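Report on the structure given below.
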Amino acid sequence: MKKLITWWRNLIDFQLDDVIKDGNDYFNNELNCMIRKANAQDIRSILMVERDVYLGELPWTYTDFFTEISINRQAGFFVATIEEEVVAFIGLRAQKNTLHISNLAVKRQHQRMGIGQALIEMGKAIGKQLEISQLSLEVRFSNKDAQAFYRKLGFHSDKILKGYYTELKEDGIEMIYQID
Ligand SMILES: CC(C)(COP(=O)(O)OP(=O)(O)OC[C@H]1O[C@@H](n2cnc3c(N)ncnc32)[C@H](O)[C@@H]1OP(=O)(O)O)[C@@H](O)C(=O)NCCC(=O)NCCS
């Protein structure tokens, strides 16, 4: 088991060097936006992105982010920065033959600039490199904007997850992207 986890971690590290290169592979350089692996020092900035996006609410706590960034060895967590300010983040988790998007957000001021798309394209590239067949995620039933975003990027949805968001008493939708 330990060997398998080390294998995954090494691949994520390998992917960062090999796929992201200068951090600008997925952007037009006018944005001067970089993607890098997150570390525990980023969590306060990540929480600011979350607070901005969810209008003061924090669906994930400091501990949730810390677990994904520093403890869960099957998770990879990345931030996008502009002039060193964290403006977006994405969390990925390896689950069997699926790369699961555990969390994704882009600060409101920086939305519709292609940053979310770049983070997803990076996820697709990581999945391909790991020879994983699909990306998956859950999204709130009411979050039509995010659903439109994922559909634009080739995700499809056919499964309603009844009562998935227990605290919000809301259904979820599972969305899948098949990696070719
Ligand atoms: C969903 C989200 C991550 C998208 O990030 P983004 O950086 O704004 O998206 P992009 O600029 O890369 O958008 C790429 C394309 O997706 C589509 N899209 C993005 N946001 C959209 C919206 N609000 N409504 C409809 N389509 C949208 C568009 O086709 C867009 O291309 P265009 O701007 O050229 O028309 C961002 O809006 C966000 O953080 N939302 C709040 C948090 C959230 O809902 N996270 C997902 C939880 S599962």
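The values are calculated or read from the model by the stated rules, or taken from the named source; none is laboratory data. Bear in mind the structure is a predicted one, so any value in this text is a computation, not a measurement. All Cβ positions, even for glycine, are placed from backbone atoms using ideal geometry, and neighbour counts span all protein chains on display.
How many residues does region 115-141 hold that are closer than 18 Å to residue 50 by Cα, touching a strand residue (DSSP E or B) at 6+ places or on another chain (Cβ under 9 Å) and of a type outside the set (D, E, K, R)?
Looking only at region 115-141, we keep the residues that are closer than 18 Å to residue 50 by Cα, and these are 115-117, 119-120, 137-140.
Those still in the list that are touching a strand residue (DSSP E or B) at 6+ places or on another chain (Cβ under 9 Å) too: 115-116, 119-120, 137-140.
Applying the additional criterion that residues be of a type outside the set (D, E, K, R) yields 115-116, 119-120, 137, 139.
Number satisfying all stated conditions: 6.
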If you go through region 94-114, how many residues are surrounded by fewer than 18 Cβ atoms within 10 Å (Cβ to Cβ) and either hydrophobic (A, V, I, L, M, F, W, C) or part of a loop (DSSP other than H, G, I, E, B) (or both)?
5
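Quick test for you: out of 154, 91, 163, pick the one residue that is buried (at least 22 other Cβ atoms within 10 Å of the Cβ) and either within 15 Å of the ligand (Cβ to nearest atom) or assigned to a strand (DSSP E or B) (or both).
Values: 154 fails: buried (at least 22 other Cβ atoms within 10 Å of the Cβ); 163 fails: buried (at least 22 other Cβ atoms within 10 Å of the Cβ).
Checking each option against the conditions leaves just 91.
Which residue, of 170, 121, 174, is under 16 Å from the mean Cα position of the chain (by Cα) and not assigned by TED's automatic domain parsing to the domain that holds residue 36? Explain how you work it out, then say what you get.
Details: 170 fails: under 16 Å from the mean Cα position of the chain (by Cα); 121 fails: not assigned by TED's automatic domain parsing to the domain that holds residue 36.
Sole residue among the options that is under 16 Å from the mean Cα position of the chain (by Cα) and not assigned by TED's automatic domain parsing to the domain that holds residue 36: 174.
Within region 115-130, can one find any residue that is assigned to a loop (DSSP other than H, G, I, E, B), out of contact with any Pro (no Cβ under 8 Å at 6 or more places or on another chain) and either within 15 Å of the ligand (Cβ to nearest atom) or of a type in the set (Ser, Thr, Tyr) (or both)?
Looking only at region 115-130, we keep the residues that are assigned to a loop (DSSP other than H, G, I, E, B), and these are 130.
In the following step, the residues that additionally are out of contact with any Pro (no Cβ under 8 Å at 6 or more places or on another chain) were identified as 130.
From what is left, the residues that are either within 15 Å of the ligand (Cβ to nearest atom) or of a type in the set (Ser, Thr, Tyr) (or both) are none.
No, region 115-130 has no match at all.
Can residue 139 be described as buried (at least 22 other Cβ atoms within 10 Å of the Cβ), touching a residue at least 24 places away in the same chain (Cβ under 8 Å), farther than 15 Å from residue 35 by Cα and near the ligand (Cβ under 9 Å from one of its atoms)?
On the way: buried (at least 22 other Cβ atoms within 10 Å of the Cβ): yes; touching a residue at least 24 places away in the same chain (Cβ under 8 Å): yes; farther than 15 Å from residue 35 by Cα: yes; near the ligand (Cβ under 9 Å from one of its atoms): yes.
Against the criterion (buried (at least 22 other Cβ atoms within 10 Å of the Cβ), touching a residue at least 24 places away in the same chain (Cβ under 8 Å), farther than 15 Å from residue 35 by Cα and near the ligand (Cβ under 9 Å from one of its atoms)), residue 139 qualifies.
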So for region 123-130 (the condition being closer than 14 Å to residue 35 by Cβ, modelled with pLDDT under 90 and not aromatic (Phe, Trp, Tyr)), does at least one residue qualify?
yes
Region 62-116 - residue that is within 16 Å of the chain's Cα centre (by Cα) and of a type in the set (Phe, Trp, Tyr) and, of those, nearest to residue 37 (Cα to Cα):
78
All positions within region 61-78 that are modelled with pLDDT of 95 or more and among the hydrophobic types (A, V, I, L, M, F, W, C):
65, 66
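Could you tell me which of the residues 10, 32 is at pLDDT below 95 and closer than 18 Å to residue 89 by Cα? Working first, answer last.
Numbers: 10 fails: closer than 18 Å to residue 89 by Cα.
Unique residue meeting the criteria: 32.
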